[in-house]
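Colleague: If you scroll down you'll find the structure; I have some questions about it.
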Amino acid sequence: MDLRSELLKSIWYGFTALDLEKSGKVSKSQLKVLSHNLCTVLCIPHDPVALEEHFRDDDDGPVSSQGYMPYLNKYILDKVVEGSFIKENVDELCWTLTAKKNYQPDRSSSTILPDKDAFRLWCLFNFLSEDKYPLVMVPDEVEYLLKKICMAMSIEFNCVELEDFFSQDSVQQSGITVWTFLEMMNSGKVTRGIDASIISMAIEEVYREIVGDVLKEGYLWKKGQLRRNWKERWFTLKPSNLSYYTGEDRKDCQGNIALDENCCVEVLPDRDGKRCMFCLKTLSKTYEMSASDTKQRQEWTTAIQTAIRLHVEGKKSLHKDLKLKRREQRDLREKRRQAKEEELQRLRALQEERERKLAELELLKEAQKQAQALLEQDEQRRRQQHEQLQRALEIQLREAEEARVSMQAEMALKEEEAERQRKRILELEEMQKRLEEALQQEIKARLDEEAFRYAQAGLLAEEEDKMKALMNLQEEQEEYIAKTQREKQELKQEMEAKSRALEEAQRQLEEVRANRHRVDQDVVAAQRKLRQASTNVKHWNVQMNRLMRPIGPGEKRPSLGSSFTSFQIPTQRDPGLRLRSSGSGDREESKENVDSRAGCDLDKRHSHASNGDMDIP
């Protein structure tokens with residue numbers, strides 16, 4: 001994990017703290033303040049013009065196609081120089097922003113951690129969290145951090161109380177957030193019954209070890225280079241150097257020993273009244289030191305060798321390397337678990353396939369038994385059906401013989417009935433001729449009626465014209481009376497002439513009315529003839545319906561053979577009837593002036609008459 005990733009984790013908390021609506025957007029004024037503060041703590045020059053240019057305002061509002069991240073990378077993080085700033089100041093700035101919004105513990109509780117300890121735990125969480133957003137820490141890393149804190153407090157980590165918390169599905173799948181982690185620490189499940197100062201010292205020790213890359217620190221006796229006297233100093237070992245101070249507060253640094261691949265550590269025998277001695281050799285100097293006991297000497301020599309090894313391998317942080325190894329181990333365990341689950345699933349699938357095939361085999365055996373039983377039943381049923389068919393055929397043969405005898409008797413009766421039907425057809429043809437004559441008379445009467453109606457319409461039109469002329473004359477007379485009242489005497493003769501013309505027009509109007517009266521009488525007479533003709537047609541229709549009865553093609557009288565009606569008699573058409581039918585068809589084609597209603601009735605009657613062909617055996 002490089003420096004940029006570490007800074008982005010802290011800045012992410014500061015940015016999300018400014019996003020009050022949780023929409024992923026922050027106002028430009030807040031971004032200005034955040035950018036200025038970041039430049040201050042990172043010890044780089046601040047360029048306010050660049051931010052204004054990136055988020056410039058125009059008629060469409062603030063314009064930025066890529067958001068705040070490109071500006072942060074280009075104008076701030078790209079200018080950061082490692083070692084030129086104190087990273088703890090950056091963390092404190094981002095913690096101050098995010099704690100105001102997200103960290104609000106119950107101050108009345110006795111187990112609440114101080115703000116300084118909460119800040120260090122927040123930094124530890126960021127260091128051990130996964131490299132994806134939103135930042136979470138997996139349960140294995142949480143357990144590792146808690147074990148380190150308990151080890152610093154010289155107590156044994158008891159995870160019984162946290163089993164319920166770690167066993168939750170949400171924690172196992174997605175991890176926990178820093179605020180959940182701080183809430184768990186404030187609940188006292190881990191630090192119950194321990195003094196607050198011890199907890200603070202343990203958190204600070206773990207913080208300096210993991211975040212500050214301090215491999216080891218403590219008091220050692222160091223031999224001077226000039227006076228060669230022994231003085232007790234507070235040593236702090238990091239992967240790149242070994243520093244020593246006058247006290248634990250690390251305010252007065254007395255020296256700094258750079259570590260590289262040319263350095264080595266050797267154990268020295270006891271001398272000068274000092275025991276548990278060892279030395280650190282560099283290219284230019286050799287530093288002699290004395291520990292309080294053999295265990296401390298072993299720890300210091302191992303830690304210095306570890307620092308030299310990290311420098312040789314090009315690694316800047318031990319715990320970063322350990323974190324990557326733990327992550328690789330988790331990934332390896334996860335891959336093994338997935339492979340094991342896949343193998344189990346494959347085995348389950350094979351077992352299910354085997355059971356399914358066994359079940360199918362049992363079903364096939366059962367189906368074979370059922371098929372055998374069905375075959376036996378079908379064979380028995382076919383034998384029974386064959387016997388029934390033989391009996392049925394014998395019965396039908398007997399019935400057919402009886403039916404043949406009865407049909408011969410019935411055919412004789414049919415011949416007599418056919419003769420009677422021929423006589424009736426002749427009578428119906430005679431009746432049809434009379435109906436056609438009556439229909440001709442009816443058509444003639446209708447034509448006369450139509451002529452009288454045309455004459456009546458002409459008289460009415462003439463009468464209307466005369467009335468219009470009369471009205472015009474009356475209008476002219478009134479106009480002349482109104483206009484020439486003073487000339488009444490002069491125009492008296494003209495008025496008399498107009499009066500005579502008016503009388504003549506009235507006389508003509510009377511004549512037109514008399515003519516119309518005569519035409520009305522003619523129309524009434526024609527209607528009377530039409531009714532008489534319709535009455536005659538109806539009379540002949542009644543006569544024909546009375547004489548004609550529908551003839552069925554296979555009509556039988558109730559006789560002895562009533563139980564054998566399903567046998568049909570072969571048919572034979574009478575050529576004499578077919579000739580009569582074709583003759584009547586020729587007469588139908590000659591009727592061109594008959595109206596549609598009478599023609600339809602006549603066609604229906606003629607079809608009844610022409611369908612009188614008999615089926616003769």
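The values are calculated or read from the model by the stated rules, or taken from the named source; none is laboratory data. Remember, it's a predicted structure, so these values are computed and weren't measured experimentally. Counting neighbours? That spans all protein chains shown, and the Cβs are built from the backbone with ideal geometry, glycine included. When the accessible area is computed, the model is the full protein with side chains, heavy atoms only, and any ligands, DNA or RNA have been set aside. Shrake-Rupley method; radii C 1.70, N 1.55, O 1.52, S 1.80 Å.
Colleague: Cβ-Cβ under 8 Å, sequence separation 6+ or interchain: first residue in the range 194-208 and surrounded by fewer than 15 Cβ atoms within 10 Å (Cβ to Cβ), partner in a helix (DSSP H, G or I). Which pairs?
Modeller: Going by the 8 Å Cβ cut-off, the qualifying pairs are MET201/ALA152.
Colleague: Out of the range 280-336, which residues are in a loop (DSSP other than H, G, I, E, B), over 21 Å from GLY218 (Cβ atoms) and either within 60 Å of the chain's Cα centre (by Cα) or basic (Lys, Arg) (or both)?
Modeller: Listed by number, the residues that qualify are LYS285, GLU313, GLY314, LYS315, LYS316.
Colleague: Here's another thing I want to ask about it. Looking at the range 113-132, can you tell me whether even one residue there is touching a residue at least 24 places away in the same chain (Cβ under 8 Å), closer than 18 Å to VAL26 by Cβ and touching a Gly at 6+ places or on another chain (Cβ under 9 Å)?
Modeller: Looking through the range 113-132, none of the residues is touching a residue at least 24 places away in the same chain (Cβ under 8 Å), closer than 18 Å to VAL26 by Cβ and touching a Gly at 6+ places or on another chain (Cβ under 9 Å).
Colleague: Determine, yes or no, whether LEU435 is open to solvent by 70 Å² or more (accessible area, probe 1.4 Å), aliphatic (A, V, I, L, M) and closer than 30 Å to GLN532 by Cα. Spell out the reasoning first.
Modeller: Numbers: open to solvent by 70 Å² or more (accessible area, probe 1.4 Å): no; aliphatic (A, V, I, L, M): yes; closer than 30 Å to GLN532 by Cα: yes.
The answer is no for LEU435.
Colleague: Conditions first: (1) more than 30 Å from ALA533 (Cβ to Cβ); (2) open to solvent by 100 Å² or more (accessible area, probe 1.4 Å). ALA367 passes all but one, so which condition is the exception?
Modeller: ALA367 satisfies every listed condition except (2).
Colleague: Between residues in the range 408-426 that are among the β-branched types (Val, Ile, Thr) and residues that are open to solvent by 70 Å² or more (accessible area, probe 1.4 Å), which pairs lie under 8 Å by C-beta distance while being six or more apart or on different chains?
Modeller: So the pair list comes out as ILE425/ARG580.
Colleague: Let me ask you something else. Just to verify a result, which residue in the range 478-505, among those that are without any contact (Cβ under 8 Å) to a residue 24 or more places away in the chain and in contact with a Leu (Cβ under 8 Å, 6 or more places away or on another chain), is farthest from ARG516 (Cα to Cα)? Give the derivation first.
Modeller: So in the range 478-505, the residues without any contact (Cβ under 8 Å) to a residue 24 or more places away in the chain come out as 478-497, 499-500, 503-504.
Within this subset, residues satisfying the condition of being in contact with a Leu (Cβ under 8 Å, 6 or more places away or on another chain) are 480, 484.
Values: TYR480: 34, THR484: 39 Å.
Filtering the range 478-505 for residues that are without any contact (Cβ under 8 Å) to a residue 24 or more places away in the chain and in contact with a Leu (Cβ under 8 Å, 6 or more places away or on another chain), the one farthest from ARG516 (Cα to Cα) comes out as THR484.
Colleague: If we scan the range 80-92, do we find a residue that is under 30 Å from GLN329 (Cβ atoms) and surrounded by 20 or more Cβ atoms within 10 Å (Cβ to Cβ)?
Modeller: yes
Colleague: Ok, one more. Being β-branched (Val, Ile, Thr), closer than 21 Å to ARG228 by Cβ and without any contact (Cβ under 8 Å) to a residue 40 or more places away in the chain, is that true of even one residue in the range 297-307? Outline the logic, then answer.
Modeller: Of the range 297-307, the ones β-branched (Val, Ile, Thr) are 301-302, 304, 306.
Filter once more, so that each one left must be closer than 21 Å to ARG228 by Cβ: none.
No - not one qualifying residue is present in the range 297-307.
Colleague: So in the range 398-415, with the set limited to residues that are acidic (Asp, Glu) and open to solvent by 100 Å² or more (accessible area, probe 1.4 Å), which one is farthest from SER534 (Cα to Cα)?
Modeller: In this case the residue turns out to be GLU402.
Colleague: For the range 94-101, state whether one or more residues are modelled with pLDDT of 90 or more and either more than 47 Å from the chain's Cα centre (by Cα) or open to solvent by 60 Å² or more (accessible area, probe 1.4 Å) (or both).
Modeller: Looking for residues that are modelled with pLDDT of 90 or more and either more than 47 Å from the chain's Cα centre (by Cα) or open to solvent by 60 Å² or more (accessible area, probe 1.4 Å) (or both), one finds at least one in the range 94-101, hence yes.
Colleague: Please specify each residue of the range 113-126 satisfying the condition of being open to solvent by 40 Å² or more (accessible area, probe 1.4 Å) and either at pLDDT below 85 or of a type outside the set (Asp, Glu) (or both).
Modeller: Within the range 113-126, PRO114, LYS116 qualify.
Colleague: Can you say whether GLU463 is over 30 Å from MET548 (Cα atoms), assigned to a helix (DSSP H, G or I) and open to solvent by less than 50 Å² (accessible area, probe 1.4 Å), as far as the supplied structure shows?
Modeller: Spelling it out, GLU463 is indeed over 30 Å from MET548 (Cα atoms), assigned to a helix (DSSP H, G or I) and open to solvent by less than 50 Å² (accessible area, probe 1.4 Å).
Colleague: Under the condition of being touching a Phe, Trp or Tyr at 6+ places or on another chain (Cβ under 6 Å) and open to solvent by 60 Å² or more (accessible area, probe 1.4 Å), which residue from the range 253-273 is farthest from SER317 (Cα to Cα)?
Modeller: That would be VAL267.
Colleague: Ok, one more. Kindly indicate whether THR301 is touching a strand residue (DSSP E or B) at 6+ places or on another chain (Cβ under 8 Å), of a type in the set (S, T, N, Q), surrounded by 14 or more Cβ atoms within 10 Å (Cβ to Cβ) and over 23 Å from VAL206 (Cα atoms).
Modeller: Spelling it out, it is not the case that THR301 is touching a strand residue (DSSP E or B) at 6+ places or on another chain (Cβ under 8 Å), of a type in the set (S, T, N, Q), surrounded by 14 or more Cβ atoms within 10 Å (Cβ to Cβ) and over 23 Å from VAL206 (Cα atoms).
Colleague: Answer with yes or no whether TYR144 is in contact with a Leu (Cβ under 7 Å, 6 or more places away or on another chain) and at pLDDT 85 or above.
Modeller: Against the criterion (in contact with a Leu (Cβ under 7 Å, 6 or more places away or on another chain) and at pLDDT 85 or above), TYR144 does not qualify.
Colleague: Being among the basic types (Lys, Arg) and open to solvent by 60 Å² or more (accessible area, probe 1.4 Å) narrows it down to one of LYS315, LYS323, so name that one.
Modeller: On the way: LYS323 fails: open to solvent by 60 Å² or more (accessible area, probe 1.4 Å).
Matching residue, one of LYS315, LYS323: LYS315.
Colleague: A further question follows. From the list LYS231, LYS223, which one is open to solvent by 30 Å² or more (accessible area, probe 1.4 Å), more than 30 Å from ASP2 (Cβ to Cβ) and out of contact with any helix residue (DSSP H, G or I) (no Cβ under 9 Å at 6 or more places or on another chain)?
Modeller: Among LYS231, LYS223, only LYS231 is open to solvent by 30 Å² or more (accessible area, probe 1.4 Å), more than 30 Å from ASP2 (Cβ to Cβ) and out of contact with any helix residue (DSSP H, G or I) (no Cβ under 9 Å at 6 or more places or on another chain).
Colleague: So, of the residues in the range 1-40 that are closer than 12 Å to LEU97 by Cβ and of a type in the set (Val, Ile, Thr), which turns out to be most open to solvent (accessible area, probe 1.4 Å)?
Modeller: VAL33
Colleague: Is it the case that ALA373 is in contact with a helix residue (DSSP H, G or I) (Cβ under 7 Å, 6 or more places away or on another chain), open to solvent by less than 90 Å² (accessible area, probe 1.4 Å) and in a helix (DSSP H, G or I)?
Modeller: So ALA373 does not fit the description; no.
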